[in-house]
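**Student:** Have a look at this one.
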Amino acid sequence: MMPAMDKRGARRVHLAVAGVASIALLLCLLLGWHAPRQALLSYLVAGMFCLSLSLGSMALLMVHVLTGGGWGWYLRPQLLAAMRPLPWLAVLWLPLLLGMRLLYPWAVPGAMADAALRRQAWYLDEGFFIVRMLVCFGVWLWLASALRRRLDRTDDTDLSRFAALGLIVYLLTVTTAAVDWVMSLVPAWRSSVFGLIVATSQLLGAAALGVGYAAFQHRRDDTPAHPPAEPARLLGDVGKLLLTLVLAWSYLAFMDYLTAWIGDLPAETVWYLPRLKTSWSALAAVLVVFHLAVPFAVLLSRQAKHHADWLLAVAALLLVMHYAYLLWLVVPSFRAAGFALAWTDPLAWLGIGGWWWLLFDARWRAVVQPVNASAARTLP
């Protein structure tokens, strides 16, 4: 999965990844035949991981339209390429609709006999759930398509207005999806800031992907995707972006926990108890150390922010921790006895993630190679 490869080498890698991803999905399906709920759970986590990279990239592009700066041009090829798998991800969500009664307790026949669930019946309705999912994907696909078209124009005077409204729509739809796909796994749980936490984690994951590719390309002494003559300064800029997003995600996640701890209400503690009072707390500690403390310490260093090797290492660590965070958000409610992984967890990640990367990398090469060729012609 190296950015710097010739076409023949890239084709061989793509074929190998396609084979591994297909086999992983097939094995996940076979295992899920005997444990469908377990397979759907793994499928949900892997799908959310890939979807977060696409949606976070779209949001970062809109942020750059509003703020400007060299960092956005430097990351633009990766961010544009990461939006390409969105239509495939929309199709990928269909199995979750078919198996929603296995995954969501409120969708089980007879569940509305519970008085607490009856109060939420207007929202936790299967038909309304499907409509919301279709609307969210429809809005995301439209936003991605419209954003690409507008970015291709050089005289779009309404681009800033579109980006501002697009970010508002993005936050509203991501909040809706987060409530539906994650929060409703535990219908009694309440959190007013959860959608914002998920959106910030998507921005962080997408930034880590873009910075990782940019740092690897810089490390290989390739022509940077953006042709200005100060790649070291640009590395520092994207390093600051990562630091900002790490702090933003950490602050929101901690304040949500602090609010739940102070309030000590059943509607909030019911979600935190299996994550902090069982061996799942070890994963929480790992997240604190490697999703916050280590990246924060490294990115505070001016030298590290301007060094491609350090940025590549931090970006890779943040991507791994992003998946671990999504696993921590979803899985403990179904494995409340303590930390446990199933074979379907890595298989779903390899299968869905492998095909997502194939679409991303193919588009990234199509975007970055013409830019690199143009930049190379301008060099003395």
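All of the numbers you see were taken from the coordinates with simple rules; none came from a lab. For clarity, every value in this text was computed on a predicted model and none was experimentally measured. Counting neighbours? That spans all protein chains shown, and the Cβs are built from the backbone with ideal geometry, glycine included.
**Student:** What ranking do 126, 268 get, fewest neighbouring Cβ atoms within 10 angstrom at the top? The partial results should precede the final answer.
**Tutor:** Numbers: 126 13, 268 20.
Listed from fewest to most nearby Cβ atoms, that is 126, 268.
**Student:** In the chain, if the dipole is taken from +1 on Lys/Arg beta carbons and -1 on Asp/Glu beta carbons about the Cα centre, which of 316, 194, 183 is farthest to the positive end?
**Tutor:** With unit charges placed on the Cβ atoms, the residue in question is 316.
**Student:** To continue, here is another question. At a 10 Å Cβ-Cβ cut-off, how would you order 255, 62, fewest neighbours first? Write down the numbers at each step before the final one.
**Tutor:** Working: 255 12, 62 24.
The fewest-first ordering by Cβ neighbours comes to 255, 62.
**Student:** Note down the net charge around residue 174, summing +1 for each Lys or Arg and -1 for each Asp or Glu among other residues with Cβ under 14 Å from its Cβ. Can you show the working numbers first?
**Tutor:** Details: positive: 132; negative: 180.
With Lys, Arg at +1 and Asp, Glu at -1, the net is 0.
**Student:** Follow-up question, since we're still on this one. Among 145, 52, 57, rank each residue by its count of other Cβ atoms within 10 Å, from fewest to most, as a rough exposure measure. The partial results should precede the final answer.
**Tutor:** Details: 145 13, 52 24, 57 28.
By the 10 Å Cβ count, ascending, the order reads 145, 52, 57.
**Student:** Taking only Cα atoms and a 10 Å spring cutoff, compute GNM fluctuations for the chain and point out the largest among 352, 130, 197.
**Tutor:** Largest GNM mean-square fluctuation: 130.
**Student:** Relative contact order of the chain, please, whole-number percent, based on alpha carbon pairs below 8 angstrom and at least 6 residues apart.
**Tutor:** Working: 450 pairs, mean separation 119.1, N = 380.
Over the chain, the number comes to 31 percent.
**Student:** Provide the gained length on full extension for the span residue 343 to residue 102, in nm with one decimal, where the gain is 0.36 nm per separating residue minus the Cα-Cα distance. Mind dumping the intermediate values first?
**Tutor:** On the way: separation 241, 0.36 × 241 = 86.76 nm, distance 1.85 nm.
Extra length available between residue 343 and residue 102 comes to 84.9 nm.
**Student:** Using Cα springs under 10 Å in a Gaussian network model of the chain, which residue among 116, 18, 188 shows the largest mean-square fluctuation?
**Tutor:** For the chain, modelled as a Gaussian network with Cα springs under 10 Å, the answer is 116.
**Student:** How large are Rg and Dmax for the chain when only the alpha carbon atoms are used, in Å?
**Tutor:** 21.0, 75
**Student:** In addition: Suppose R0 equals 35 Å; then what is the FRET efficiency for residue 193 and residue 157 from their Cβ-Cβ distance, rounded to the nearest 0.05? All intermediate terms of the calculation are to be shown ahead of the outcome.
**Tutor:** On the way: r = 35 Å, r/R0 = 1.00.
The computed FRET efficiency comes out at 0.50.
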